[in-house]
1. Identify, by number, the condition in (1) under 24 Å from the mean Cα position of the chain (by Cα); (2) at pLDDT 90 or above; (3) outside any helix (DSSP H, G or I) that M139 doesn't meet.
2. Restricting to the stretch 59-103, give me the number of residues that are under 28 Å from T186 (Cα atoms) and among the polar types (S, T, N, Q).
3. Would a scan of the stretch 318-326 turn up a residue that is outside any strand (DSSP E or B), of a type in the set (G, A, S) and under 18 Å from A234 (Cβ atoms)?
4. Hey, A260 hits all of (1) over 16 Å from the mean Cα position of the chain (by Cα); (2) at pLDDT 95 or above; (3) of a type in the set (A, V, I, L, M, F, W, C) but one; which does it fall short on?
5. Which count do you get for residues in the stretch 75-126 that are in a helix (DSSP H, G or I), under 25 Å from N5 (Cα atoms) and among the acidic types (D, E)?
6. Name the one entry in S111, S55 that is of a type in the set (G, A, S), on the phi < 0 side of the Ramachandran plot, modelled with pLDDT of 95 or more and crowded, with 18+ Cβ neighbours inside 10 Å.
7. Are any of the residues in the stretch 36-45 assigned to a strand (DSSP E or B) and of a type in the set (D, E)?
8. Working only within the stretch 46-65, note down all residues that are part of a loop (DSSP other than H, G, I, E, B), more than 11 Å from C13 (Cβ to Cβ) and not hydrophobic (A, V, I, L, M, F, W, C).
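The values are calculated or read from the model by the stated rules, or taken from the named source; none is laboratory data. Quantities reported herein were computed from a predicted structural model and do not represent experimental measurements. Positions of Cβ are generated from backbone atoms using ideal geometry, with glycine treated the same way; all protein chains shown enter the neighbour counts.
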Amino acid sequence: MNKENILEIDGLCVEFDIEACRVRAVDDVGFQLKKGSTLGIAGESGCGKTITALSIIRLLPKPVSRIVRGRVVFHGQDLLTLSKNEMHRIRGRKISMIFQEPMTALNPVHSIGKQMTEIHELHFPGLSHKERGTASVKMLEKVGISDPETVMKKYPHQLSGGMRQRVMIAMSLSCKPDILIADEPTTALDVTVQAQILDLIRVLKQESGMSVILITHDLGVIAENCDDIVVMYAGKIIEKADVRDLFRHPCHPYTKGLLASIPSLAKKPKIMLPTIPGNVPSLMSMPGGCRFQDRCPLAADVCRNTEPKEQRMGKNHVVSCHMAGKQGL
């Protein structure tokens with residue numbers, strides 16, 4: 001394991017049982033997370049971003065899913081080989097996750113205080129009840145909640161979306177994890193609250209030195225907050241690079257399509273944004289060769305018949321495309 005990396009994923013494959021069929025939702029995924037850096041994972045809904053994240057902390061839904069192959073190496077230890085009890089001590093303590101929808105992630109029948117103190121009870125059993133409450137209040141203050149004592153007494157439905165998201169962040173950071181996985185942390189929030197949440201994660205990251213995996217379909221968010229980026233499509237990684245290099249020199253037609261669809265003040269007003277034609281293929285009828293072939297304007301016979309392999313386009317830039325480096329890509 002490279003000393004610069006805190007997490008290395010190699011050859012990860014995840015399968016699901018759907019309608020008497022077995023489908024592969026994540027196929028041969030591999031990437032590295034550097035210590036103290038932020039890695040963005042981008043792609044359309046259903047491309048495997050969240051499944052990859054849940055695989056890291058081994059929270060895949062059972063019994064319909066399973067990790068069939070791969071390694072998830074954290075601090076030199078493969079998490080996939082650990083027992084349930086060993087993984088239980090790492091999940092939430094060393095690797096935490098902000099889930100996509102805080103209203104469903106928070107327990108509706110327990111107060112915020114009950115859910116906050118439960119984390120300290122689980123991972124720091126030596127603390128007294130008073131010490132757990134004090135630590136929870138301080139954590140809520142740290143994430144910008146002005147009246148934490150009152151919030152501790154409330155239930156999730158009594159809080160706004162932005163407040164619930166701040167509570168989720170507080171819960172995730174209570175144990176000062178080495179890695180924070182943020183799965184669409186700004187979904188369904190208005191633009192002002194989105195900016196506040198992203199700024200909060202960035203500040204807390206700088207203060208603690210933790211590493212962050214930021215999952216989003218918004219490339220603008222990745223451009224502003226990430227050091228490296230992984231682009232996924234139909235369960236596979238199709239391009240990965242440092243953020244500046246990818247935005248300046250995208251090499252995959254799918255990545256180019258995503259970037260072209262971002263609104264820009266430099267474009268003429270009231271014009272249609274470019275779109276990527278077609279739809280993401282179904283997991284139950286995945287095409288052979290390149291999975292993007294039916295939507296790609298440059299698709300050739302080799303794309304339909306042969307699965308593309310990774311090729312290096314720069315020092316830290318890798319792409320899986322037969323046409324990379326050709327016809328202006």
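1. Of everything listed in (1) under 24 Å from the mean Cα position of the chain (by Cα); (2) at pLDDT 90 or above; (3) outside any helix (DSSP H, G or I), M139 misses just condition (3).
2. Count: 3.
3. yes
4. It fails just one condition, (2).
5. Final tally of qualifying residues: 1.
6. S55
7. No: the stretch 36-45 contains no residue that is assigned to a strand (DSSP E or B) and of a type in the set (D, E).
8. Those that are part of a loop (DSSP other than H, G, I, E, B), more than 11 Å from C13 (Cβ to Cβ) and not hydrophobic (A, V, I, L, M, F, W, C): G46, R58, P61, K62, P63.
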